[in-house]
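A quick write-up on the structure given underneath.
The values are calculated or read from the model by the stated rules, or taken from the named source; none is laboratory data. As the structure is a computational prediction, the values presented were derived from the model and not from experiment. Glycine also receives a Cβ, built like all others from the backbone with ideal geometry; neighbour counts cover every protein chain displayed. Note: accessible area is taken over every heavy atom of the protein model, side chains too, but ligands, DNA and RNA are not part of it. Shrake-Rupley method; radii C 1.70, N 1.55, O 1.52, S 1.80 Å.
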Amino acid sequence: MSLSLKMEIDTVEDVTCLNPELLQLPEVSPFALKTTPLLVDDLFSQWLSLPETGNLVKSLINDAKAGTAINACANFSNVNAVGSNSLPSMFSSVNAPPLSPRSSSGSPRSSKQKSSPSALGSPLKLFSDPMQEVIPQFYFQNGRPPTKELKEQSLSKINHLFNNPLNGLLIDEFKTVTKEVCKLPSFLSSALFRKIDVDCVGIVTRDAFITYWVDGNMLTMDVATQIFEILKRPGNRHLTQVDFRPILRELLATHPGLKFLQNTPEFQDRYAETVIYRIFYHMNRSGNGRLTRRELKRGELISAMQQADEEDDINKVLRYFSYEHFYVIYCKFWELDTDHDFFIDRENLIRYGNHALTYRIVDRIFSQAPRKFAGDVEGKMGYEDFVYFMLSEEDKSSEPSLEYWFKCIDLDGNGVLTPNEMQFFYEEQLHRMECLALEPVLFEDILCQIIDMVAPEREDCITLQDLKGSKLSGNVFNILFNLNKFMAFETRDPFLIRQEREDPTLTEWDRFAHREYIRLSMEEDVEDASNGSADVWDESLEAPF
């Protein structure tokens, strides 16, 4: 097949993408050409058959073979200069419609013509020396390598810290490296040491640390990714609860605010478990027990770990690590677990909050609608399940809590709360009001109040997204199944309002845990005083602390 014929076929196949102005037919409106593709096909075929067109194509091919720059505009102008009189007219002058006047400015057509291929040059224009734009590498499979300056600074610190006869450090000496070189919380020291000391020889050499931290590009990762890589086990792409135990053990062994627990290892374990449960409650939003890197970055754990490393008073670290918060949760569980088998049943849970909850909501919890129980004992809730329940009950403003209770109320699991579902739970509340001689509030009035508080997109149902978009969503659930909190909301307890205004940064859980800790401490002081005045007392009745 000849080159000119091939070019003709390829060009005709691509005719729908052709700019009609390249035909340069003054008698024909470009708009008419664009709106009639068949006409364009016919005209273009006729144009290709003209002798002048053949000469133009041959000239361009010869120039391309010779390697000279092609001036297509000049070739087009030469052809037009010769062919303006010789090109046959497609229309007779009598029947040709007049073209619309063209102005040099103000017309959309004029701006388009300025950027048309006929003005900028032919698509066939070639460059003898094509320009190549170098795109810098932006993806690194093993992380972005450190800059030369950063690498030199780190190596200088590493050489100074590892300057000893062993050319390495023992696990007790490694904390300085974790703090000064890695800029990580000190209680990650043991986990980092064991991550590098894969052969368990008990020492990390200078070369081994450089290989892991510098050559492995850990130096340039963000803090969340560094901690994720240190804690996760080989082959995993997530963190489990077990992965957090080493850093909690080191925190308990080294933090000045937790030294008083060193003689009570059973409560050290309970504290570590509670911290881990709280971390996964807030951060593992999928609820599958596998904490991803993205979830770790989105949460507040990294800042809480850094605060715990710098703050001597562990109770000031309200996120996850506060001992007072653990004390409140564990004592509440201990009060309900009357036989102390570390499980509670329906009858135990119904006593929570001075019988604040309804039987129907407790049944939904034990049906495992909001969350599958971690324990294997049928009909009983373990400590981990209780932590999830209590965090959800005492802070209904958090998203995990809203999701927890939404699943409880959504009886058919269709993703929306209907008036019938809400009425099912409110009926028991209404009955309890009547038994307590309280003025009952009809469900119709309650429904209007709920709609006003949530302002859902549709008035016939409420979605989880509707609840997350309202600051009063927690009160909706209190209205449906917690009579004590419902009454407190109706009376607008001035004490609670004043507490919220004093420190708006505190969450509902923070304020609740603070009040409960004071109450439990006072009760323990009274119990200690009464026990001290008695000659004999039963040790089994003592508080867990």
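List of remarks:
- Our analysis of region 148-221 gives Rg over Rh at 0.92, with the two radii drawn from alpha carbon positions and Rh computed by the Kirkwood formula.
- When the solvent-accessible area of region 148-221 is split by element, carbon and sulfur atoms take up 51 percent of it, the probe being 1.4 Å.
- Excluding same-chain neighbours fewer than eight residues apart, the aspartates and glutamates reachable from K183 by a Cα-Cα span under 14 Å are D222, D309, E310.
- Accessible surface computed residue by residue for region 235-321, with neighbouring protein chains in place and a 1.4 Å probe, gives 50 Å² per residue.
- Mean Cα-pair separation over length for region 360-407, i.e. relative contact order, pairs under 8 Å, 6 or more apart, %: 32 percent
- Average Cα contact separation per residue, region 203-356, under 8 Å, 6 or more apart, as relative contact order %: 17 percent
- Measuring how big region 145-185 is from its alpha-carbon positions, Rg and Dmax come out at 11.0, 31 Å.
- Candidates per trypsin sites (Lys or Arg not before Pro) in region 461-526, loop by DSSP, up to 11 other Cβ within 10 Å: K471, R492
- Carbon plus sulfur fraction of accessible area for region 300-388, probe 1.4 Å, in percent: 43 percent
- Heavy-atom accessible area per residue - region 148-221, 1.4 Å, Å²: 53 Å²
- The translational diffusion coefficient of region 322-522, from Stokes-Einstein at 37 °C and 0.692 mPa s with a Kirkwood hydrodynamic radius over alpha carbon pairs, comes to 185 µm²/s.
- Computed with a 1.4 Å probe on the full set of protein chains, the accessible area for L39 sits at about 60 Å².
- Over region 322-522, relative contact order from alpha-carbon pairs under 8 Å, at least 6 apart, %: 24 percent
- Whole-Hz ³J(HN,Hα) from phi, Karplus 6.51 cos²θ - 1.76 cosθ + 1.60, for region 267-283, glycine and proline x: 7, 4, 5, 5, 4, 4, 4, 5, 4, 5, 4, 5, 4, 6, 4, 7, 9
- Cα gyration tensor category, rounded, prolate or oblate, for region 235-321 with a/c compared to 1.5: prolate
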